[in-house]
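**Student:** I'd like to ask some things about the structure below.
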Amino acid sequence: MIKSTEIHVKESPEAAFRLRVAELGGIVLESKWLGHRNYHQVRCPAGHLAKARPNSVQQGGGICGICSGRSVEGAEAKFQAGLANLGATLLETGWLGSGVPHRIRCAQGHEVTTRPNQVRNRNSCCRICSRRSPAAAAQEFRDRLAELGAVLLEPEWLGNGRPHQVRCAFGHECSPRPDAVQRGQGICQTCAGRDTYAAEAWFRSQLAAAGATLLERKWLGARVRHRVRCAAGHVSTPMPNGVQQGHGVCRYCAGKTWDAFYVVADEEAALLKFGITTGTGKRRLAEHRRAGFTTVHRFLAELADGVALNLERDVRATLLLAGEGSARGREYFPDLVTALVLDIVDNYPGVPRRD
């Protein structure tokens, strides 16, 4: 019996190239083979006349520079589409190139220049809206200082990464960098407790103003609890930086000063936060706003003694009894409990009725 053998004929590069182009929905227009490294005329599925190299196509590359955005026409089309998605308008009369700035008007009306490759890579087109504009960064820094009760002492803008002379809300002169302030690092080293001598002096002055006595023999640090006897005789252990943030020196007397209750939400994270504070609550709400809690459902100020503290405890207890576990800490819950929390707050004794 004669054993048959199979003869495999290796496919030619030209045949492999034409087959691959056909698989991609294109047609090779060249009548002869020009070599695997040379460009061949093709028509892509979209009807574009393009040039493709066989070795690039076989390695997974496309056949049409326009469709892939590598050609001038494709890059311009992608730029126009990117601007349209961002609500921006191209003000140039012609294409200048991927790496050349083009005049545009963004969705907010700012007329700026941007490079097409930046729009593609960063998904943005306006340096003012994206805070890369010196004018926008300077204004944002001033707004943040005003929010913290600080005053800018520099006569001109020095740059986002350079220190600027500032006077904080407590009168300390400091030199924070705008980019650090925007990241939430604070503006004053003295207030933050990094200037240990000034922090100790400030803490002692606050105790004296409150009629309290420091029971520790030495300074332990701004973030360490210190034993204190308040004016009413209670012994408690406040942290100096907590006192600086308005938490008071005595937890037993705290109910006499906490006269405001708030409910805020981070809608993007689907979280609800409630708590107590004093006065207008401007600083506390600003802290939560920077953390993403931008929606204020309720802010109740000037509540009678003990109402805010009792309301906080009762809301938390009611949620736990209802089987609603916290999402983070003791006062962060999924926003599914919003209706229940607001119902408790609006009907709580001592809380003014909503119209």
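The values are calculated or read from the model by the stated rules, or taken from the named source; none is laboratory data. Given the structure is predicted, the values throughout are model-derived calculations rather than measurements. No Cβ is skipped: glycine too gets one built from the backbone with ideal geometry, and neighbour counts run over all protein chains shown. For the accessible areas, the whole protein counts, side chains as well, though only heavy atoms, and no ligand, DNA or RNA atoms are used. Shrake-Rupley method; radii C 1.70, N 1.55, O 1.52, S 1.80 Å.
**Student:** May I ask you to give the average projected area over all directions of the convex hull of the Cα atoms of segment 207-355, in nm² rounded to one decimal?
**Tutor:** 9.9 nm²
**Student:** Where the only charges are on Cβ atoms (+1 Lys, Arg; -1 Asp, Glu), what is the dipole of the chain about its Cα centre, to the nearest 20 debye?
**Tutor:** Charge dipole of the chain: 1080 debye, to the nearest 20.
**Student:** For the chain, give the percent of accessible area contributed by carbon and sulfur heavy atoms, probe 1.4 Å, rounded to a whole number.
**Tutor:** 49 percent
**Student:** Once the whole set of protein chains is in place, how much accessible area is left on residue 31, using a 1.4 Å probe, in Å² to the nearest 10?
**Tutor:** Surface accessible to solvent at residue 31 totals approximately 110 Å².
**Student:** If you roll a 1.4 Å probe over the heavy atoms of the protein chains, what accessible area per residue do you get for the chain, in Å²?
**Tutor:** Averaged over the residues of the chain, the accessible area is 59 Å².
**Student:** Can you list the residues, at least 5 places off or on another chain, whose amide H is less than 5 Å from the amide H of residue 275, using H built in the peptide plane?
**Tutor:** 262
**Student:** Now, a different point. Near the amide H of residue 332, under 5 Å away, which other amide H atoms are found, from residues 5 or more places off or on another chain, if H is placed in the peptide plane?
**Tutor:** For residue 332, whose amide H was placed from the backbone, the distant partners under 5 Å are 327.
**Student:** Something else: Can you list the HN-Hα couplings for segment 278-291, worked out from phi with the Karplus curve (6.51, -1.76, 1.60; θ = phi - 60°), rounded to whole Hz and with x for Gly and Pro?
**Tutor:** 10, x, 7, x, 4, 5, 5, 5, 5, 4, 5, 4, 5, 8
**Student:** Okay, next question. I need the phi-derived Karplus couplings for segment 138-149: 6.51 cos²θ - 1.76 cosθ + 1.60, θ = phi - 60°, integer Hz, Gly and Pro marked x.
**Tutor:** Calculated HN-Hα couplings, in order: 5, 5, 5, 5, 5, 5, 5, 4, 4, 5, 8, x Hz.
**Student:** Show 237, 295 ordered by accessible area, largest first, where the area counts protein heavy atoms only and the probe is 1.4 Å.
**Tutor:** Numbers: 237 60, 295 35 Å².
Ranking 237, 295 by accessible area, largest first, yields 237, 295.
**Student:** Okay, next question. What whole-number volume per residue, in cubic angstrom, does the convex hull of the C-alpha atoms of the chain give?
**Tutor:** Taking only Cα atoms, the chain has a hull volume of 322 Å³ per residue.
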